[in-house]
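Each remark here refers to the structure printed beneath this line.
Since every read-out is calculated from the coordinates, none of them should be taken as a lab result. Everything numeric here is computed off the predicted structure, so don't read it as measured data. FYI the Cβ positions are ideal-geometry reconstructions off the backbone, even for glycines, and counts take in every protein chain you see.
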Amino acid sequence: AIKHRLWPEIDRITLEQLHYARLEVGTGSWQLFAEDGDMRMYRREEEADGLVVDPLKACHVVKGVTGHEVCKIFFSPEYRSGWEATLEDMTVVENISNDTLVFLQTHKRIWPASQRDALFWSHIRKVPDEQDVEAQDLWIVCNQSTEHPEYPANTGKCVRIYLTVCLVCQTLVNPPKENEEINREDITCKITYCSVVNPGGWAPAAVLRAVYKREYPKFLKRFTNFCIDQCKDKPIEF
Ligand SMILES: CC(C)(C)c1cc(CCc2ccccn2)cc(-c2ccc(S(=O)(=O)CCO)cc2)c1
């Protein structure tokens with residue numbers, strides 16, 4: 001099949017993000033800022049031209065779902081309004097292929113910042129895990145801000161945010177007893193969520209950091225609970 005003009009960028013960034021997600025948080029100056037059961041959220045304090053762009057890395061372990069199921073829910077437009085609480089509107093502006101879409105999303109305004117939107121390509125991929133043979137394959141979704149001639153930034157009411165996000169999931173199977181079916185109690189999904197978001201436009205650092213600290217733990221908890229709920233009565237999809 002002919003590859004899209006964005007394909008080289010999509011391939012490069014997806015693999016870069018996969019490498020970044022697999023780095024242990026021991027390396028670098030990550031600070032733990034939220035913990036909830038098996039969820040650990042880390043951040044680094046970074047600014048880009050005076051704007052807070054704190055990189056975030058969240059690690060979570062969720063029972064009863066596979067990495068394929070979690071990544072598919074994160075990638076697919078039809079589920080997004082079910083878990084993305086701050087979403088006001090979402091459009092698929094380009095259907096590059098069955099594993100790559102371009103989204104335009106407007107988010108609800110969060111006081112005192114102005115309303116924001118995001119234009120990004122989203123790519124889902126299964127990655128063979130050459131290191132760890134008995135573990136299942138890894139699944140990754142990578143979201144990366146992009147441009148589109150029909151949706152220029154900062155022309156309407158919204159301030160454009162710039163994001164690089166990845167969700168990397170690994171399925172672990174607890175082998176059931178002899179010739180028994182694998183059921184959802186036997187599977188666990190190891191999730192790593194990384195994001196760097198430039199909020200665009202002016203927003204006070206203290207306010208943004210408070211928003212990050214409050215919103216991100218809520219987001220991951222809501223998203224993973226949504227996945228468990230969506231999958232519980234369906235056949236397991238590895
Ligand atoms: C807080 C900040 C980091 C600047 C932020 C502000 C807003 C704008 C709306 C908003 C949300 C929460 C708090 C304030 N404003 C959105 C996002 C954001 C958008 C998308 C994704 S995603 O992982 O690609 C899932 C697809 O929706 C993650 C984060 C982040």
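Quick look at the values:
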item	result
Rounded to 5, percent antiparallel among DSSP beta bridges of segment 99-238	95 percent
Pairwise label distance in nanometres, Lys234 with Val61, each label 7 Å out on the Cα-Cβ vector	2.5 nm
³J(HN,Hα) computed for each position of segment 168-178 - Karplus, 6.51 cos²θ - 1.76 cosθ + 1.60, integer Hz, glycine/proline x	10, 10, 10, 8, 10, 10, 8, x, x, 5, 2
Relative exposure of Thr192, Thr86, judged by other C-beta atoms within 10 Å (fewest first)	Thr86, Thr192
Estimated distance in nm for a label pair at Arg5 and Val173, the labels positioned 7 Å out from Cα along Cα-to-Cβ	4.3 nm
The chain: calculated mean residue ellipticity at 222 nm from DSSP helix runs of at least 4, using -39500 (n - 2.57)	-8000 deg cm²/dmol
Loop-resident sites, segment 180-216, for GluC sites (Glu not before Pro), counting at most 12 other Cβ within 10 Å (DSSP)	Glu180, Glu181
Over the chain - Rg/Rh using Cα atoms and the Kirkwood inverse-distance radius	0.97
Pairwise centroid distance, computed over Cα atoms, of segment 150-214 with segment 62-106, Å	11 Å
Under DSSP loop assignment and at most 13 Cβ neighbours within 10 Å, longest trypsin sites (Lys or Arg not before Pro)-free interval of the chain	6-107
Candidates per chymotrypsin sites (Phe, Trp or Tyr not before Pro) in segment 124-229, loop by DSSP, up to 14 other Cβ within 10 Å	Trp202
Contour minus Cα-Cα distance for Val25 and Ile182 (0.36 nm per residue)	53.3 nm
Ranked His107, His19, criterion: other C-beta atoms within 10 Å, fewest first	His19, His107
Selection from Asn154, Gly28, Gly64, by position along the positive dipole direction of the chain (Cβ)	Asn154
Cross-link partners of Lys72 among lysines (Cα-Cα below 28 Å; sequence separation of 8 or more within a chain)	Lys3, Lys57, Lys63, Lys108, Lys126, Lys190, Lys213, Lys218, Lys221, Lys232, Lys234
Cα-projected label distance for Arg12 with Glu47, points at 7 Å along beta-carbon direction, nm	3.0 nm
